[in-house]
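Everything on this sheet refers to the single structure shown next.
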Amino acid sequence: MANGALVGLAERAKSLATGFGTYSALGSFALYVLGYLALRFHLTALGVGTDLAVLDERYLFAGANCLVYLASTLPITVLAGALTAALVYGPIRLLPSGAREAVGSACRRWFATPSRATTLGIVVALVVIQLFMRQCFFFANLLVGPGLPNEVPWLTWLVLHDTFMPLYFSGLLLGVLLTGALLAWPLPEGTLVTPGLRLKRILLSVLVAIQALLLPVNYGVLVQGTSLAQVTALGAESLTASDEAWLVWEGKDTITFLVRRHGTARSLVALPRSESKRIEIVGYGKLPDLLRAKTSTQEESNAKP
């Protein structure tokens, strides 16, 4: 009896160990993909050459940071969802009981049609992707490019006033959760899955996957690396009193600095790692502040005759 119990416990422990290893591998791969997307698009937005190695532990750290940031927006997301539900459900509760029952019955009949929840999910996913999630692609070469994009002034304002960025990400996360819920909406019992319905559900699955991949992309462009370390020298070259430099990226072979000469002219300088044996950091500058200063300088230059 005791031997049988011990054997059972051993088998159970073995199955748990096997499952833990599988889940750990899948979780590490997911973090790796999140981190790679976040870092890749972060560097593209800054305009830095992407000498990314295939294997780099920074992907895991970047993916973990992205996941923690998204998790931190969950309370705001839940609050936003509750407020939205209250705005929709509150007026219905004020209706007379007969009208309230009629509205509830109409909603149940509407969702009883198998394809309607899927169609609604497709529409919501397309709206979220086209109007919000893909707008981050307008941000490129921010450090030394022509300036912040004029195509999306509302998102530019959010980047410059990053205090409100968690609200924006909570909205993105709410959109992903809503379309995911509509994808998981159970079909009525006995529903015949027609080729059209199957095609719609495949399309919605693809759109939900695209939304999930665009979350780390938006994180990399809009949130990641918002602080740059200010340094006193570029390798062996010391900076003059009128020059400033910030460490932007430590790549596999080079280290990239943002340099501001005489308070106005900006450039990205990439030095071999062998020439930057010592880096002295004297402070940190916020990327939104640097972009805001750059925008002000460009506006002043454009205003001059």
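A short reminder: the numbers here are calculations on the coordinates, not readings from a lab. Model, not experiment: these values are computed from the prediction. Glycine also receives a Cβ, built like all others from the backbone with ideal geometry; neighbour counts cover every protein chain displayed.
Observations on the model:
- In the chain, the DSSP-assigned H stretches of four residues or longer account for a calculated mean residue ellipticity at 222 nm of -21000 deg cm²/dmol, using -39500 (n - 2.57) per stretch and the full residue count as denominator.
- Global geometry of the chain, whether rounded, prolate or oblate, following the gyration tensor of its Cα atoms and the 1.5 cut on a/c: oblate
- Separation of alpha-carbon centers, the range 213-260 and the range 106-132, rounded to whole Å: 43 Å
- Along the range 221-226 the Karplus relation, 6.51 cos²θ - 1.76 cosθ + 1.60 evaluated at θ = phi - 60°, assigns HN-Hα couplings of 6, 9, 10, 4, x, 7 Hz to successive residues, with x for each Gly and Pro.
- Order of Y32, Y23, Y59 under a 10 Å beta carbon neighbour criterion, fewest first: Y23, Y32, Y59
- Nearest-ten-degree value, helix 57-72 long axis tilted from longest Cα axis of the chain: 60 degrees
- Fluctuation leader among E250, E189, E237 - the chain, Gaussian network, Cα springs under 10 angstrom: E189
- Long-range amide H partners of V248 with built H, under 5 Å: T256, F257, L258
- Helix 287-303 and the longest principal axis of the Cα set of the chain meet at an angle near 60°.
- Spin-label pair C107/L79, simplified geometry with 7 Å Cα→Cβ offset, distance in nm: 2.4 nm
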